[in-house]
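See structure below.
Values in this text are rule-based calculations from the coordinates and carry no lab data. This is a predicted model, so every value here is computed, not measured. As a convention, Cβ positions derive from the backbone with ideal geometry for all residues, glycine included, and neighbour counts pool all protein chains shown.
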Amino acid sequence: MLQGLLDGSRGPAGVVRPGAVRIASTIPGRLNNVAFKGPGAAMALIVQNDEKTPQTFAIRYRGKAGTASLKAESVGTFVWK
C-alpha cells in the first residue's frame, strides 16, 4: 500500500502546492487525472470521475499500489510522500 495516501477534501488548490510540477496526466476514458510532484517530494494526484456510477481504480507509484474509489460524477484528491 502507498503509505500516507489521503483522500483530501481540500480541493486541488489545497493539495497542489506552489512550486509543484506536473509529472503525468492521462485521459483513459472514465477517469481523467493529473499528477504533480511538489517541493519536498510530496506527490499529488487529482482524479475526476465523469461517469454516472462509482469507479474503483488503482494508484501505483514506485512499485507500491493502493486502491481508491470515487462516487459518481465526483473529483478526488490524493496526497502522499
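Some points to look at:
- Each of MET43, ALA68, THR56 was scored by the projection of its Cα onto the charge dipole of the stretch 11-81, and the greatest displacement toward the positive side belongs to MET43; charges sit on the C-beta of Lys, Arg, Asp and Glu.
- Full extension of the segment from VAL75 to ALA58, taken as 0.36 nm per residue of separation minus the current Cα-Cα distance, would add 4.6 nm.
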